[in-house]
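Note sheet for the following structure.
The values are calculated or read from the model by the stated rules, or taken from the named source; none is laboratory data. Just so it is clear, the structure is predicted and the values come from calculations on it, not from any experiment. All Cβ positions, glycine included, derive from the backbone under ideal geometry; neighbour counts span all protein chains shown.
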Amino acid sequence: PAPVEPADGAPSGSEPGVVPLPLSGKSPEALRDQAERLLLTLSEGPGSRPLDLGYSLATTRSAFDHRAVVLATDHADAVRALTAIAAGAPDAAAVVGRTRTGRHAILFSGQGSQRLGMGRGLYGRFPVFAGALDEVVDGLDAELPGQV
């Protein structure tokens, strides 16, 4: 069963194991500069919660074409990965890239993995579901030839 949130809407108190720290900049240099500024912020307040930092970065910053995300499990991970981004170096806890133009798709995964074969059962029993799934698969085949 899913965890039950308190009636007042407050989180249950458990911290996630990994917190994404998103960054963006108008150029690769600007992205590295933002990583440096964030490093300064972390060095001034090592007691800050990664969850609060990730939330603030995701909800209060502009999203530019050059992007990075640090997947921080703790303060040391965040510092190491941000140092790498600032230096233009790779790090296992950081992904750096640039947005691409084109069409987008959103996949809401989850509902169905609770029971093995659930999707197959829905496909066999409900023609509307089967038709919609076939349409999605055809679209993916057209956009990602040889990859699905």
> How about segment 20-58: which of its residues are touching a Phe, Trp or Tyr at 6+ places or on another chain (Cβ under 8 Å) and either among the charged types (D, E, K, R) or assigned to a loop (DSSP other than H, G, I, E, B) (or both)?
Replying inline: LYS26
>> I'm checking my understanding of the structure. Among residues of segment 109-148 that are of a type in the set (A, V, I, L, M, F, W, C), over 26 Å from ASP65 (Cβ atoms) and in a loop (DSSP other than H, G, I, E, B), which one is modelled with the lowest pLDDT?
In response: VAL148
> What residue, among those in segment 49-58 that are out of contact with any Asp or Glu (no Cβ under 8 Å at 6 or more places or on another chain) and crowded, with 16+ Cβ neighbours inside 10 Å, is nearest to THR101 (Cα to Cα)?
Replying inline: LEU57
> Among the residues of segment 59-74, is there at least one that is assigned to a helix (DSSP H, G or I), touching a residue at least 24 places away in the same chain (Cβ under 8 Å) and either among the charged types (D, E, K, R) or surrounded by 12 or more Cβ atoms within 10 Å (Cβ to Cβ) (or both)?
Replying inline: no
> Taking segment 34-58 only, how many residues are in contact (Cβ under 8 Å) with a residue 12 or more places away in the chain and among the acidic types (Asp, Glu)?
Replying inline: 1
>> Can you tell me how many residues within segment 84-102 are in contact (Cβ under 8 Å) with a residue 12 or more places away in the chain and either within 30 Å of LEU140 (Cα to Cα) or surrounded by fewer than 11 Cβ atoms within 10 Å (Cβ to Cβ) (or both)?
In response: 7
> Looking at ALA72, ALA78, ALA35, ALA30, which is the one that is closer than 16 Å to THR99 by Cβ and out of contact with any Cys (no Cβ under 9 Å at 6 or more places or on another chain)?
Replying inline: ALA30
> Within segment 22-55, which residues are of a type in the set (A, V, I, L, M) and at pLDDT below 95?
Replying inline: LEU38, LEU39, LEU40, LEU42, LEU51, LEU53
